[in-house]
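For reference, the structure is listed below as C-alpha cells.
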Amino acid sequence: MNPKNNWKTRTLLAVSLGASLAAMQSPAAAQSPWPDKPITMVVPYSAGGPTDVVARMLAIPMGKSLGQTVIVENTVGAGGTIAPARVAKAAPNGYTILIHHMGMATAPALYKKLNYDPLKDFEYIGQVMDVPMTLLSRKDFPANNFQELLSYVKANRDKVTLANAGVGAVSQLCGLLFMNQIGVQLTTVPYKGAGPALNDLMGGQVDLLCDQTTQTAPVIKDGNRVKVFGVTTPQRLSSMPNIPTLDEQGLKGFDVKVWHGVYAPKGTPPAVVARLNTALRAALQDDMVKARFAELSTEAAPMDKVTPEGLRTHLAAEIDKWGKVIRAAGVQAD
C-alpha cells in the first residue's frame, strides 16, 4: 500500500473515532448535574414579613440538600402579584422558584387583570406550612366570650370596627369569612400592615382583628393587652390549648390557615421538580426548622401535602373557597 494513502486512512479513522466518541459523550457533557449554580427563591413581600421569615428558614436546609446556595429575593408590589408573574415568565430550569402564601388562591378573585394563572403557569413543588389565626378584641370590649361577642356584633352591626392589614391581606380574608358566616356586615378598617392594626387594637382604637399567631401569640400569652375569642383552625392549638376553636363554638367549618407553597415555572423538568421537592421535605424535617415553627405556634404541612399533587389539589380547593367569599363580599383590589 502506498505509505501516503496509508497515512490518510489512519487519519480518517482517527477523526471518525474521535467524532463518534464526542457524539457519545456530548449529552453527558452538555447536561451538567442539576443544580450547578445558586437558586433564587422569590418572595412576594418585604423582608422581615411572615412569608420572608418562612423563606429564610427554609433556604439554608434546602440549600444543604441541593448542594447549592438558595438566595432569598424580595420582589414586592401590587398586593403580592408581581413576584408570581415574574416567576411564571422565568426560564423553566429550576433556578428561579417562588414561595407564596394563600394569596396565590385569592388573587384570581381579587384582581380583574392578573398576569398569570395559578393553575396553569406553574409546576408545584409542595405545600410548606399552616399558620393558624386568632380572633381578638381590644381589652375593654364589652363581650367576654364568643357567644357574648356574637350577640354584641349582631346588635350593633356596623358600629363595630374590624381591623385588617389591607386589601387582600389574610387578616382581611379571615374577617370576610367571619362576617359571611355570622351574616353581619361590620365596619372594616384597613391598615398598611398587621403591625399597625394590632397596635391600634391594643390601644383601643378598633374593636376586632383576625390575625396570624406569628403576630398575636406573644400578646395573647401576655394576658393583659387583648381578649381572644377563638382560633381559626378545626383543632385547638397545642401551644394554646385553652383557647377554643371558632368551629367548636358554632361557626361550623370555619377553617382559615395561612398556608404557604413553593412553585416553579411551568415546563420545569420533572427531575428538577423532584429534586426541589426532596429538598423541601428535608428542610421541613430539619430540627432547627421544627423548633422555630413551634415558637411561632405553627407546624409543617402534612407530608401528603408536601408534594406537587398535594399542593395543586389544595390550591384548586382554596381558589374555589375564597372565590365564593370574595365575590359575595364584592371586594376588588384593582
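Reported count of residues in segment 33-60, each being farther than 14 Å from Thr214 by Cβ and either touching a Phe, Trp or Tyr at 6+ places or on another chain (Cβ under 8 Å) or not aromatic (Phe, Trp, Tyr) (or both), is 16.
I'd like to verify a number: residues in segment 143-160 that are of a type outside the set (A, V, I, L, M) and touching a strand residue (DSSP E or B) at 6+ places or on another chain (Cβ under 8 Å), how many?
Step one: of segment 143-160, the residues of a type outside the set (A, V, I, L, M) are 144-148, 151-152, 154, 156-159.
Checking the rest, the ones that are also touching a strand residue (DSSP E or B) at 6+ places or on another chain (Cβ under 8 Å) come to 144-146, 158-159.
Total satisfying the criteria: 5.
Of all the numbered requirements in (1) surrounded by fewer than 23 Cβ atoms within 10 Å (Cβ to Cβ); (2) assigned to a loop (DSSP other than H, G, I, E, B), Thr188 misses one, and that requirement is (2). Do we find that Val306 is part of a helix (DSSP H, G or I) and touching a strand residue (DSSP E or B) at 6+ places or on another chain (Cβ under 7 Å) in this structure? It is false that Val306 is part of a helix (DSSP H, G or I) and touching a strand residue (DSSP E or B) at 6+ places or on another chain (Cβ under 7 Å). Checking each residue in segment 274-308 for being under 15 Å from the mean Cα position of the chain (by Cα) and among the β-branched types (Val, Ile, Thr) picks out Thr298, Val306, Thr307. For segment 290-316, the tally of residues that are modelled with pLDDT of 95 or more and of a type in the set (A, V, I, L, M, F, W, C) stands at 4. Per the conditions (1) within 14 Å of the chain's Cα centre (by Cα); (2) surrounded by fewer than 17 Cβ atoms within 10 Å (Cβ to Cβ), the sole criterion not satisfied by His314 is (2). Scanning segment 55-76 for residues that are outside any loop (DSSP other than H, G, I, E, B) and under 16 Å from the mean Cα position of the chain (by Cα) yields Ala55, Arg56, Met57, Leu58, Ala59, Val72, Glu73, Asn74.
Which of the helices (runs of 4 or more DSSP H) contained wholly in segment 206-295 include at least 3 residues that are within 26 Å of Ala165 (Cα to Cα) and open to solvent by 10 Å² or more (accessible area, probe 1.4 Å)? Write out each step before concluding.
Values: elements: 213-222, 270-284, 287-295.
In segment 206-295, the matching helices (runs of 4 or more DSSP H) lie at 213-222, 287-295.
Working only within segment 191-205, note down all residues that are assigned to a helix (DSSP H, G or I) and either among the hydroxyl-bearing types (Ser, Thr, Tyr) or open to solvent by 50 Å² or more (accessible area, probe 1.4 Å) (or both). Selection gives Pro196, Asn199, Met202.
Is at least one residue of segment 62-69 within 26 Å of Gln215 (Cβ to Cβ), of a type in the set (A, V, I, L, M, F, W, C), touching a helix residue (DSSP H, G or I) at 6+ places or on another chain (Cβ under 8 Å) and open to solvent by 10 Å² or more (accessible area, probe 1.4 Å)? For segment 62-69, residues within 26 Å of Gln215 (Cβ to Cβ), of a type in the set (A, V, I, L, M, F, W, C), touching a helix residue (DSSP H, G or I) at 6+ places or on another chain (Cβ under 8 Å) and open to solvent by 10 Å² or more (accessible area, probe 1.4 Å): absent. All conditions in (1) touching a helix residue (DSSP H, G or I) at 6+ places or on another chain (Cβ under 8 Å); (2) at pLDDT 95 or above hold for Ala59, with the sole exception of (1).
Conditions tested, residue by residue: (1) free of Cβ contacts under 8 Å to residues at least 12 places away in the same chain; (2) closer than 24 Å to Leu315 by Cβ; (3) within 20 Å of the chain's Cα centre (by Cα).
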site	(1), (2), (3)
Gly204	no, no, no
Asp211	no, yes, yes
Lys227	no, no, no
Thr232	no, yes, yes
Gln235	yes, yes, no
Gln249	no, no, no
Lys257	no, yes, yes
His260	no, yes, yes
Gly267	no, yes, no
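Is there a residue in segment 109-132 that is of a type in the set (Asp, Glu) and farther than 30 Å from Ala300 by Cβ? Scanning segment 109-132, I find no residue that is of a type in the set (Asp, Glu) and farther than 30 Å from Ala300 by Cβ, so the answer is no.
The values are calculated or read from the model by the stated rules, or taken from the named source; none is laboratory data. Bear in mind that the values here come from a model prediction, so they are computed numbers and not experimental data. Every residue, glycine as well, gets a Cβ built from its backbone with ideal geometry; the counts of neighbours run over all protein chains shown. Surface areas here come from the heavy atoms of the whole protein model, side chains and all, with no ligands, DNA or RNA. Shrake-Rupley method; radii C 1.70, N 1.55, O 1.52, S 1.80 Å.
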